[in-house]
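See below for the structure under consideration.
The values are calculated or read from the model by the stated rules, or taken from the named source; none is laboratory data. Since we're looking at a predicted model, the values are computed, not measured. With ideal geometry, Cβ positions are generated from the backbone for all residues, glycine too; neighbour counts draw on all protein chains shown. SASA here: full protein model, heavy atoms, side chains in, ligands and nucleic acids out. Shrake-Rupley method; radii C 1.70, N 1.55, O 1.52, S 1.80 Å.
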Amino acid sequence: MTTPILTNGVSHELAQWRARNYRDVRYHLCLTLTLEATHLQGTIEISVTLARPVDIVLDWRAASTNPHLNQVEAISINDEHSANWRVEADHIFISQVQLKTGANVIKIAFTSPINPAGNALTRYHDGATDSNYVYTLFVPCDASTAFPCLDQPDLKACFTLEIVAPAAWHVVSNSKPEFVSDEIIEARSNKRWCFEATAPISTYLFAFAAGEFAEFHDAASPLETRLYVRRSQAARIAEEHVAEVLRLSREACAFFAEYTDCAFPFSKYDLVILPEFPYGGMEHAGATFLREEAVIFPTAATRSDIFARAELIAHEAAHQWFGDLVTMRWFDDLWLKEGFATLMSYKAIEVILPSLADATWKYFYLRAKTLAYQTDATDGTTALHQIIPNLADAKSAYGNIVYRKAPSVLRSLEMLLGSETFRRGVQLYLTRHAYEAADWHDLVLAFEDASGRTLERWADDWIHRRGMPRVRVEVNDENASFIRITQDDALDKGAPWMMRFDVLVATLGEVDSIVPVIAEASTHTIDIKQPASPAAFIFANHGDYGYGRFLLDAASQRFLHEHLDAVSDDFRRALLWGALWDSVVEGECAPVDFINTVMRFLPREEDEITIQIVLQWTTIAFNRFLDEGGQRGISSLLETFMRGQITHTTHALRLIYLRALLAIAITDDSRLFLKGLVSDQAPTIELQSRDSFAVIAALFALDDEDGARLLETQTARDGSDEAKRYAFAACAARMDAKQTYFAAYIEDAPRIPESWIEASLTWFNSPRHAHLTLEFLPLALERLPHFKRTRKIFFINNWLASFIGNQTSDKALTVIDDFLERLAIDIDLERKILEASDLLRRSLKVKAKLINSPYAGHDFQPDSSSFPRSGI
């Protein structure tokens, strides 16, 4: 069979060809780590069974930094030294003339780089204890920058690993250590760690971490779970966090095993807490890596922090079944693993976090679905099943669609099929494809077999189609005995969508009417019983069963602006907050109306996460949807409101309101207030280090003359590695630092860790400085292809959200459109730009419309007792 043409990356054509011809892949890695290593030395034995005479094409890609350190030093094939091989594009080509039908063993000696940031192999130096840590991160296809391999998800393999490391280090990998022995190398004490063979896993799921870890053992866990953390954090995590983190992990794994009727699929399960880890977590089979700040809170923990940590721990645990046990065949179905992991994490939280159980699905709406809608309403959105021609494009698949829309769509399917039928479908899917790879066809077939229903139309709408429905309510003025529900495509490019949702007709003091709808046509006329008193409001997604933008009619908007606190149910009220915000984004509600409604009713809310999300929308309304005149007109009132909440509410809510104030503060009163928080005076609120640096950053953004002095004082108080990152981020807000920072951002060989850059981007691109940062926008866009090749998964999303997301002018939009018209860039990057610029386009349209608000300028007071909460 003809070998496909070799190109950079891993083409889908090559991957499919290898999957047809290669079987029973196994890896044996022997690696050496030194105390301050800048490179990894090792050998790998790759066993591959060939069904017929074909070439072997391995993946071997130069790392984005120090590519000269990626070296192959020797290759032997079936125990014979070979010189008849070549490196071509990102591959090692071995001709079939040296191979045989059946089992072949290829042994390769290699060297690959270890860097402080931006590589598959990362080294972190902890200044507090003068200790070093090394860890891997291979997702989506970076294993081949560390060692030669077959770097595609469907060629699962068993890994055995030997690592020689300094004697004081502990090594963690996917499987249990089989034995550990002492070894002297160059007069230095070392240990050789030999690990058991893993179950079949994909290359992106293989991992190890090494360093002077402190270890905590969960004696109650049947999985023998151990938690590892750097020594400098051991006392803190032991005192404040370790018991809860281990409990959450243990109980989540037990929940998933019971729900799926499938025991934990690997020999053990460890948690490794790592500083400056690029993502919240990574679900390596049997060994999840977690970002330190997501587990060990750097500030006083809010309800949002506690929930986010529980979601993260449950999400990564769910991946052991969804992604690790059953892996997507190609990254075009990335949504399979991420969608299930998110959905299942919320199911688990409902059980393992009793204090928040009643709010779980409210948080699912606020934290997941609203972000999905934010992306899915843009021309940059994609279908769940994405076209990925090459694994070099796989990073672009990550974002709100796979993490937020996918679980939302799966939950809607559960509502359509029923909970038990959905669960049987999940169990069938896992049973049929355990330790193998699967795709969307396999999942749909499992649900069809479990339900006895044909899901072809559902799959067409929700797996292969991009965008979402937009649902409107129309009340007939002449005959209010019926309500018309109309559905269209949010992108104005498609037919109606198949889904189920419930229409709520809320009345005052009477029983509400709830009408279930199975939508398949573009217009639905729903007859409802005429209530004795007029409807207070109508909302077409009661219970949050549907997926899409469910918009309020004008009368319902008016009622909720005046009487939102009459809605007594917390979940329902959260949905209505979201519907009011959607009306702003769609240009059907004046931004100032939303802001005034927030000032009037948000103090009545008690839930921290609801308040946090609504305040995020409020800062967007202020910064993005109001022009300078509009901002000046309401800034004093809005900032006074926020300062009042910071002064008088509970500690956790004070932090939430403070972070919102930092995003919008422009008045001298707020400037003085913020300076008071970080001065030597008795502060209004006690701040921990990260928030103190954030306050100083906001003062820099306001060009405050005392910013430098306050920064010097704060850095003297806190000299930790984390504080250095916070200080770097804060200084990005300085008006005189833009050129220096931007030059550092775009270096070919970056000296600054990605985590530092990402922490600083928001302050560099403060909305107050849009006139300064506009000049950097063209080059920021031109660097995207380079970042796609060299940066980690979420970097481009964060880069564009900052450089485009904080621009507010039509000049910025002209730069973006000119760039898209002038340069031919990859379609995935074009879509990222369209997604990031959507809110700019919308806000400019809203400003141009100059919506006349009947409420604009009203001084709404927090005390809104005009309408008691009844049964609405």
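Couplings 3J(HN,Hα) for the range 693-700, derived from phi with the Karplus relation 6.51 cos²θ - 1.76 cosθ + 1.60 (θ = phi - 60°), are 5, 5, 4, 5, 4, 5, 5, 4 Hz, where x marks Gly and Pro. The string of couplings for the range 279-293 from the Karplus curve (6.51, -1.76, 1.60, θ = phi - 60°) is 10, x, x, 9, 8, 4, 4, x, 7, 7, 9, 10, 6, 4, 5 Hz, one whole number per residue in order, with x for Gly and Pro.
The overall shape of the range 566-697, judged from the alpha-carbon gyration tensor, is oblate: a/c is not under 1.5, and a/b is no greater than b/c. Can you list the residues of the range 752-793 with backbone N under 20 Å from a point 7 Å past the Cα of S809, pointing along Cα to Cβ? It comes to 762-782, nothing else.
For the listed peptides 125-135, 249-259, a ranking on the average number of other beta carbons within 10 Å per residue, highest first, reads 249-259, 125-135. Packing around the peptides 693-705, 457-469, taken as the average count of other Cβ atoms within 10 Å per residue, puts them in this order, highest first: 693-705, 457-469. For the chain, a crude dipole built from +1 on the beta carbon of Lys and Arg and -1 on the beta carbon of Asp and Glu, taken about the Cα centre, is about 480 debye to the nearest 20. Annotation: amide H of A207 within the under-5 Å range of N174, sequence separation 5 or more or interchain, hydrogens built in the peptide plane. At a probe radius of 1.4 angstrom, the accessible area of the chain per residue rounds to 37 square angstrom. With each label modelled as a point 7 angstrom along the Cα→C-beta vector, the L779-R822 pair spans 1.4 nm. Can you compute the FRET efficiency between T454 and E586 using 1/(1 + (r/R0)^6), with r the Cβ-Cβ distance and R0 = 25 Å? Round to the nearest 0.05. So, using R0 = 25 Å, E works out to roughly 0.15. Expressed to the nearest 5 percent, the antiparallel share of DSSP beta bridges inside the range 88-202 is 95 percent. Where does helix 721-731 land angle-wise versus the long Cα axis of the chain, in degrees 0 to 90, nearest 10? Between the helix axis and the principal axis of the chain, the angle is about 50 degrees. Taking amide hydrogens as placed 1.01 Å from N in the peptide plane, the amide H of L40 sits under 5 Å from those of S112, I114, each at least 5 positions away in sequence or on another chain.
For the range 332-451, the residue among Y365, Y398, Y435 whose Cα projects farthest onto the positive side of the dipole built from Cβ charges is Y365.
DSSP beta bridges fully contained in the range 152-291 are about 80 percent antiparallel. Across the chain, the mean sequence separation of Cα contacts (distance under 8 Å, 6 or more residues apart), normalised by length, yields a relative contact order of 9 percent. Counting helices only, and only those DSSP H runs with n ≥ 4, report the 222 nm mean residue ellipticity of the chain as the sum of -39,500 (n - 2.57) divided by its residues, in deg cm²/dmol to the nearest 500. Calculated from helices alone, the mean residue ellipticity at 222 nm is -12500 deg cm²/dmol. Any idea what the dipole of the range 784-832 comes to, in debye rounded to 20, about its Cα centre with Lys/Arg Cβ at +1 and Asp/Glu Cβ at -1? My answer is approximately 360 debye. Relative contact order of the range 391-547, taken over Cα pairs closer than 8 Å and 6 or more residues apart, is 20 percent. Expressed as a whole percent, the accessible surface of the chain that belongs to carbon and sulfur atoms is 50, based on a 1.4 Å probe. Couplings for the range 411-416, taken from phi via the Karplus curve 6.51 cos²θ - 1.76 cosθ + 1.60 with θ = phi - 60°, read 5, 5, 5, 4, 5, 6 Hz in order; Gly and Pro are left as x.
Think of the range 172-248 as having a plus end and a minus end, set by charges on the Cβ of Lys, Arg, Asp and Glu; of C194, V242, F206, F206 sits farthest toward the positive end of this dipole.
Of the beta bridges in the chain, as assigned by DSSP with both residues counted there, near 80 percent are antiparallel.
Ranked by the mean number of other Cβ atoms within 10 Å per residue, highest first, peptides 82-90, 434-442 order as 434-442, 82-90.
For Cα extents along the principal axes in Å, the candidate list reads [x] 112, 77, 54; [y] 80, 68, 55; [z] 87, 69, 60; the entry that matches the value derived from this model is [z]. Label-to-label distance for E80 and S419 is 6.4 nm, based on points extended 7 Å past Cα in the beta-carbon direction.
Relative to the longest principal axis of the C-alpha atoms of the chain, give the angle of the C-alpha long axis of helix 628-648, reported between 0 and 90° and rounded to the nearest 10°. Taking Cα atoms only, the helix is inclined about 80 degrees. Amide H neighbours of A287 under 5 Å, counting only residues 5+ apart in sequence or on other chains, H built in-plane at 1.01 Å? The list, which skips near neighbours in sequence, is D270. What is the distance, in nm, between label points placed 7 Å from the Cα along the Cα-to-Cβ direction at D261 and at R188? With each label placed 7 Å out from Cα toward Cβ, I get 5.4 nm.
Using C-alpha pairs below 8 Å separated by at least 6 residues, the relative contact order for the range 493-533 is 40 percent.
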